[in-house]
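Nothing in this text is a laboratory measurement; each read-out follows from the coordinates by a stated rule. Values in this document were obtained by computation on a predicted structure and should not be read as measured data. Cβ sites come from the backbone with ideal geometry, for glycine too, and all protein chains shown count toward neighbours.
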Amino acid sequence: MIGPGFLPVIPPRKPGSEFAEAIRTLRTAVIPSGQDAHRRTILVTSGISGEGKTTVAANLAMALGHREKVLLIDADLRRSSVGDKFGLPSDAPGLSSLVAGTAEESLCIHHLKDLGIDVMPAGVAPLNPPDLLASRRFAVALNALRGRYARIVVDSAPAQTLSDALILSQLCDAVVFVVRSKVSPLPLAQMAIKELRQVGAPLIGAVLNQCDGRGGAC
């Protein structure tokens with residue numbers, strides 16, 4: 001449970017803050033003791049847009065980056081926002097560029113020294129995102145990246161309205177589902193989770209976002 005507000009993209013530098021504690025709790029829940037070797041690629045998705053999945057993915061990546069080499073991939077090829085949130089140019093090469101072969105991997109990965117992580121933005125929006133994500137070239141690229149990073153966090157399009165998350169879930173070791181408190185329609189969230197389970201997605205839990213955990217209703 002994370003709240004009461006949306007997570008900032010860059011966390012405050014106060015290790016004892018409520019925010020920092022929430023992020024550490026999430027990190028521990030996602031990568032519990034003894035699971036380090038198994039949950040290498042972590043997909044973050046939601047039922048619909050506007051639930052805070054991108055900020056959860058970004059902050060989880062940064063929390064993991066305090067301990068190991070981490071790559072954050074923006075695989076939301078329809079409404080990408082990771083690059084913008086980290087101040088990367090709108091035309092920066094990224095995932096679509098790598099898979100299409102229009103840019104070398106070294107140009108598609110942007111190192112954020114101050115934050116301790118690497119970021120691969122979405123790149124130019126492809127005409128058909130599901131085809132790109134289901135392609136052999138994408139699977140090969142992701143597998144190659146797995147060999148160079150201790151952890152990869154993947155930000156996906158919402159699972160309820162699009163097939164992208166269902167495709168990506170087949171290639172990742174764990175799926176985290178984000179729900180926005182008092183905003184996300186429960187039936188839609190339940191349907192998205194059902195669809196993920198139907199394709200055998202490794203769903204490990206959910207994040208309740210924008211929830212007041214100090215006694216207020218969520």
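Using the Cα centre of the stretch 18-209 as origin and beta-carbon charges of +1 (Lys, Arg) and -1 (Asp, Glu), tell me which of PRO158, GLY47, PRO32 is placed farthest towards the positive end of the dipole.
PRO32
For every other residue with a beta carbon closer than 10 angstrom to the beta carbon of ALA58, add +1 if it is Lys or Arg and -1 if Asp or Glu, then tell me the sum.
0
Would you check the chain for Lys pairs whose C-alpha atoms are within less than 29 Å, ignoring same-chain pairs closer than 8 in sequence, and give me the count?
The number of close lysine pairs in the chain is 15.
State which stretch of the chain is the longest one without any exposed GluC sites (Glu not before Pro), exposure meaning a DSSP loop state and at most 14 other Cβ atoms within 10 Å.
Result for the longest clean stretch: 105-218.
In the stretch 121-151, what trypsin sites (Lys or Arg not before Pro) fall in a loop by DSSP, with at most 14 other Cβ atoms inside 10 Å? Please report the intermediate quantities before stating the final value.
Values: sites: ARG136, ARG137, ARG146, ARG148, ARG151; in loops: ARG148.
Sparse-neighbourhood loop trypsin sites (Lys or Arg not before Pro): ARG148.
Between ALA206 and SER90, what is the label-point separation in nm under the 7 Å Cα-to-beta-carbon projection?
For the pair SER90/ALA206, the computed spacing is 3.6 nm.
As an exercise, use a Förster radius of 35 Å and the Cβ-Cβ distance of ASP131 and ARG67 to find the FRET efficiency, rounded to the nearest 0.05.
Once the sixth-power term is evaluated, E becomes 0.50.
With runs of 4+ DSSP H residues as the only contributors, calculate the mean residue ellipticity of the chain at 222 nm using -39,500 (n - 2.57) per run, divided by the residue total and rounded to the nearest 500. List each step's numbers first, then the result.
Values: 9 runs with 75 residues, N = 218.
Helices in the chain give a 222 nm mean residue ellipticity of -9500 deg cm²/dmol.
Work out, step by step, the length gained on full extension between VAL140 and GLU21: first 0.36 nm times the residue separation, then minus their alpha carbon distance; give nm to one decimal.
Taking VAL140 through GLU21 to full extension adds about 39.2 nm, to one decimal.
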